[in-house]
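Quick notes on the structure that follows.
The values are calculated or read from the model by the stated rules, or taken from the named source; none is laboratory data. None of these values were measured; they are calculated from a predicted model. FYI the Cβ positions are ideal-geometry reconstructions off the backbone, even for glycines, and counts take in every protein chain you see.
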Amino acid sequence: MNREELTEIIVLAKQAKSLTWEAIADDLGVGKVWLTSACLGMNSMPEAPADKLCALLELPPEAKATLMSYPTKTWGWDVPQDPLIYRLYEIVGVYGDTLKEVIQEQFGDGIMSAIDFSMDVDKEENPKGDRVVITMNGKFLPYKSW
C-alpha cells in the first residue's frame, strides 16, 4: 500500500465515522496539524499512534507499516490552484523576504527548522469576520562557518 492509497482510505474512514482531525488527534494524544500531515503522507508516525489510528479508523493491516515508513517530502512546483493553498503561497511570496529579514535581524544568519518544529491552527472569533490564526514554532538553526 502506498501513501496516496492510504491517504484516500484514511480520509474516507474519517468521513464515514464523522470524525474531525482534532478529535482523532485528541484520541491519539498528538497535535492536530502533525496528525493531519502524517495522515496525508508528509510525516512518519511512531508505532503507538499508528496502532491507535489503525484501530480507531479500522484501517487494513498493511496501513501501519505505511504510516510508520519514512516519507519523501515532495510537492508540485506549479502555483497551487486551490484558493486556500494559493493564499498561503501568496503570503510567502509577498512576505517571505520580509520574514527572512526580520528573523535574521533578530537571530542572525540562519533558518527556522522545519524538523524541530510545531504548528497549530486556531479560530479567533471577530465581529468583522472570523480570523484564521496559524502559529509556527521552529528552532533557529544558525549557519556555520568552517
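Residue-level check: of (1) free of Cβ contacts under 8 Å to residues at least 60 places away in the same chain; (2) hydroxyl-bearing (Ser, Thr, Tyr); (3) in contact with a strand residue (DSSP E or B) (Cβ under 6 Å, 6 or more places away or on another chain), residue 118 misses just (1). Scoring residue 57 on the criteria (1) closer than 25 Å to residue 32 by Cβ; (2) free of Cβ contacts under 8 Å to residues at least 40 places away in the same chain leaves a single failure, condition (2).
The helices (runs of 4 or more DSSP H) located wholly in the stretch 8-88 that include 1 or more residues which are loosely packed, with under 12 Cβ neighbours inside 10 Å and of a type in the set (A, V, I, L, M) occupy 47-57, 63-68. Does at least one position in the stretch 112-130 carry a residue that is within 27 Å of residue 29 (Cα to Cα) and of a type in the set (Val, Ile, Thr)? Looking for residues that are within 27 Å of residue 29 (Cα to Cα) and of a type in the set (Val, Ile, Thr), one finds at least one in the stretch 112-130, hence yes. Residues that are modelled with pLDDT under 95 and of a type in the set (Phe, Trp, Tyr) within the stretch 118-146 comprise 143, 146, listed in sequence order. Per the listing 5, 22, 90, 62, the residue uniquely closer than 27 Å to residue 140 by Cβ and of a type in the set (Asp, Glu) is 90. Across the stretch 82-131, the number of residues qualifying as among the charged types (D, E, K, R) and more than 18 Å from residue 33 (Cβ to Cβ) comes to 9. Filtering the stretch 97-146 down to residues that are part of a helix (DSSP H, G or I) and touching a Phe, Trp or Tyr at 6+ places or on another chain (Cβ under 8 Å), which residue is surrounded by the most Cβ atoms within 10 Å (Cβ to Cβ)? Residue satisfying both the conditions and the ranking: 103.
Among the β-branched types (Val, Ile, Thr), surrounded by 11 or more Cβ atoms within 10 Å (Cβ to Cβ) and either farther than 21 Å from residue 122 by Cα or within 16 Å of the chain's Cα centre (by Cα) (or both): does that describe residue 94?
Answer is no for this residue.
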